[in-house]
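The values are calculated or read from the model by the stated rules, or taken from the named source; none is laboratory data. As the structure is a computational prediction, the values presented were derived from the model and not from experiment. Reconstructed Cβ throughout: ideal geometry from the backbone, glycine too, with neighbour counts over all protein chains shown. Each accessible area value is taken on the protein alone, full model and side chains, heavy atoms only, with ligands, DNA and RNA left out. Shrake-Rupley method; radii C 1.70, N 1.55, O 1.52, S 1.80 Å.
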Amino acid sequence: MSTDAHHDKATASLAGAILEQTGVPVDKCYQCGKCSAGCPLAADMDYPPSLILRMLQAGGPELEEKVLRSYTIWVCLTCETCYSRCPMEIDIPVMMDYLRHESLRLGMTSPRAKDIIRFHRSFLDSIKYTGRLYEVGLVVDYKARSMHLLQDVKLAPKMYFKGKLNLIPETIKGLPLIRRIFSRSSKAGGEDAR
Amino acid sequence: MKLGFYPGCSLEGSSREYNESVMAVAAGAGIELEPVPDWNCCGATAAHNMNRELGLSLPARILAKAEAAGMKEIVVPCAACYSRLKVTRHELLEDEELRRRISAIIEYDLRCEPEIINVLQFLDSRVMPAIEGRIKSPFDRRVACYYGCLLVRPHKILKFDRLEDPRSMDEIIRRIGGDPIDWAFKTECCGAGLSVSKTELVGRLSGRILEDARIRGAEAVIVACPMCHSNLDLRRGAIEKAMNRKYDMPAIFITQAVGLAMGIDPAKLGLNRHMVPVKFRERPAGKVPAGPESPAAAGEV
Ligand code: SF4
Ligand code: SF4
């Protein structure tokens with residue numbers, strides 16, 4: 001079906017870039033809607049997954065920008081339900097990862113997703129500082145970034161008495177390598193991880 | 001028997017009862033679990049959502065440490081870590097160019113030798129054969145086995161159990177004397193990593209899971225992932241708010257259930273650490289557990 005002319009157009013488009021970078025064939029989607037029917041977060045998204053695919057198929061700068069600015073790509077949990085049910089075996093979660101990285105790279109992240117992204121940043125910072133996730137530090141750092149200072153204050157003492165909070169972070173010996181991994185990965189797709 | 005072991009960050013912190021119960025059950029079955037030396041965080045959702053190479057390199061360094069230590073198999077109790085390690089291993093084995101690139105980043109020529117084993121595989125293949133016939137106090141409870149997302153999906157990579165209606169955990173529960181229910185939410189998502197940043201969403205998603213288990217007469221939900229556990233246990237307040245009702249049904253790790261059946265002291269299994277107290281209904285010995293609240297609501301199963 002795909003002629004050379006179509007192919008040329010495809011590589012310039014976001015759908016074409018997705019195919020090239022991840023191998024996910026957006027054009028194979030025939031809009032059966034199974035992905036959106038099973039997606040646990042479809043109701044919270046601005047565009048359900050099948051619509052994201054349709055927008056990418058139609059293409060053009062306007063729709064592509066809407067996709068990259070969508071809340072959908074951030075609220076998607078990588079639960080893999082869509083991929084496991086898609087009759088065309090379209091790997092939507094891998095496509096979502098690519099769209100998130102592009103959205104970060106182009107500075108187009110949805111304002112509604114700011115808490116989710118802040119949380120990811122706090123999480124990665126914790127790994128960068130100790131090599132592991134330090135949960136107490138993560139929550140404190142996230143609260144400072146998001147200004148949701150009172151969230152979960154009631155939970156913390158209970159968790160402490162149940163022995164669920166480590167008050168001292170553990171730092172791994174290989175931390176210098178972890179730091180190098182962060183700086184080398186920063187040049188790849190997605191956010192600058194430094 | 002000695003096996004490699006990757007606890008992951010949650011098991012050292014907020015889900016330490018999962019670690020305690022894995023260790024207690026392994027020791028009871030005569031298995032030594034040796035941690036991957038100087039292990040790092042797998043990066044979880046944050047790394048692969050934000051940066052592709054980071055999302056692969058962090059798990060790759062764990063594989064490298066295990067491989068360099070000569071480990072052939074690594075037991076990974078956290079379903080999320082299991083998924084990251086399995087997916088990374090798969091991607092690197094499929095794509096030589098990518099394997100080289102990631103090897104350069106982690107400064108180790110990774111061959112991806114260690115196999116990754118989830119907790120259900122570990123229990124089924126190593127623990128159960130060692131304890132069969134030694135069940136001291138059958139776990140004769142009617143329970144909902146909850147698998148969540150990452151133990152079974154993506155099936156093409158994990159190749160574990162049945163995709164929509166997995167059975168391996170139900171089978172383990174049966175072997176320790178329990179009664180697993182048929183229900184609709186075995187593999188529905190609990191809300192996973194949005195626990196802190198979108199707590200209300202987690203309340204709703206995890207609430208639907210508890211509600212189905214309740215309607216069908218489960219006494220507890222059995223889990224195999226620290227994230228699922230903290231969403232169902234720690235986030236009980238958000239669940240009750242979203243569902244507008246109280247739930248006293250505990251969420252228990254599969255290793256805690258197996259440990260109880262082996263006669264291990266509940267405190268050694270960390271059962272006192274849950275937010276929702278682990279209490280079971282009293283019932284006269286030998287009596288059949290209570291059935292679903294109403295067959296109509298539960299649907300024909
Ligand atoms: S399930 Fe697959 S084919 Fe169907 S709409 Fe979704 S992506 Fe398209
Ligand atoms: S992976 Fe994302 S898009 Fe797919 S079903 Fe899950 S939340 Fe929805």
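Tell me yes or no: at least one residue of region A:71-87 is away from ligand 2 (no atom under 11 Å from the Cβ), modelled with pLDDT of 95 or more, out of contact with any Leu (no Cβ under 6 Å at 6 or more places or on another chain) and open to solvent by 60 Å² or more (accessible area, probe 1.4 Å). If you could, list the steps in order and put the result at the bottom.
Going residue by residue through region A:71-87, those that are away from ligand 2 (no atom under 11 Å from the Cβ) are A:71, A:87.
Next, only the ones that are modelled with pLDDT of 95 or more stay: A:71, A:87.
If we keep only those that are out of contact with any Leu (no Cβ under 6 Å at 6 or more places or on another chain) as well, we get A:71, A:87.
Then drop every residue that is not open to solvent by 60 Å² or more (accessible area, probe 1.4 Å), which leaves A:87.
Within region A:71-87 (the criterion being away from ligand 2 (no atom under 11 Å from the Cβ), modelled with pLDDT of 95 or more, out of contact with any Leu (no Cβ under 6 Å at 6 or more places or on another chain) and open to solvent by 60 Å² or more (accessible area, probe 1.4 Å)), the answer is yes, since at least one residue qualifies.
Looking at region B:157-181, which of its residues are in contact (Cβ under 8 Å) with a residue 24 or more places away in the chain and among the charged types (D, E, K, R)?
Taking region B:157-181 as the starting set, the residues that turn out to be in contact (Cβ under 8 Å) with a residue 24 or more places away in the chain are B:157-158, B:160-161, B:163, B:168-173, B:175-181.
If the condition is that a residue be in contact (Cβ under 8 Å) with a residue 24 or more places away in the chain and among the charged types (D, E, K, R), then B:161, B:170, B:171, B:175, B:179 are the ones that fit.
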Check: Taking the stated definitions as given, is residue B:202 within 23 Å of residue A:157 (Cβ to Cβ), crowded, with 19+ Cβ neighbours inside 10 Å and β-branched (Val, Ile, Thr)?
Finding: yes
Check: Among (1) within 14 Å of the chain's Cα centre (by Cα); (2) surrounded by 18 or more Cβ atoms within 10 Å (Cβ to Cβ); (3) at pLDDT below 95; (4) away from ligand 2 (no atom under 15 Å from the Cβ), where does residue A:102 come up short?
Finding: (3)
Check: Given the conditions (1) at the interface with chain B (Cβ under 10 Å from one of its Cβ atoms); (2) farther than 19 Å from residue A:29 by Cα; (3) not polar (S, T, N, Q), which single one is not true for residue A:61?
Finding: (1)
Margin query: I'm trying to understand the selection: among the residues of region B:112-152, which are without any contact (Cβ under 8 Å) to a residue 60 or more places away in the chain and of a type in the set (D, E, K, R)?
Written below: B:113, B:115, B:124, B:132
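If you scan region A:20-38, which residues turn out to be more than 9 Å from ligand 1 (Cβ to nearest atom), closer than 24 Å to residue B:189 by Cβ and within 12 Å of another protein chain (Cβ to nearest Cβ)? Spell out how you get there, then give the answer.
In the first step, residues of region A:20-38 are kept if they are more than 9 Å from ligand 1 (Cβ to nearest atom); the result is A:20-25, A:27.
In the following step, the residues that additionally are closer than 24 Å to residue B:189 by Cβ were identified as A:22, A:24.
Answer for region A:20-38, where residues must be more than 9 Å from ligand 1 (Cβ to nearest atom), closer than 24 Å to residue B:189 by Cβ and within 12 Å of another protein chain (Cβ to nearest Cβ): just A:22.
Would you kindly identify the helices (runs of 4 or more DSSP H) lying entirely within region B:18-125 that contain at least 1 residues that are within 13 Å of another protein chain (Cβ to nearest Cβ) and of a type in the set (S, T, N, Q)? Show your work before the answer.
Numbers: elements: B:44-50, B:52-68, B:79-94, B:96-106, B:119-122.
Passing ranges, in order: B:44-50, B:52-68, B:79-94, B:96-106.
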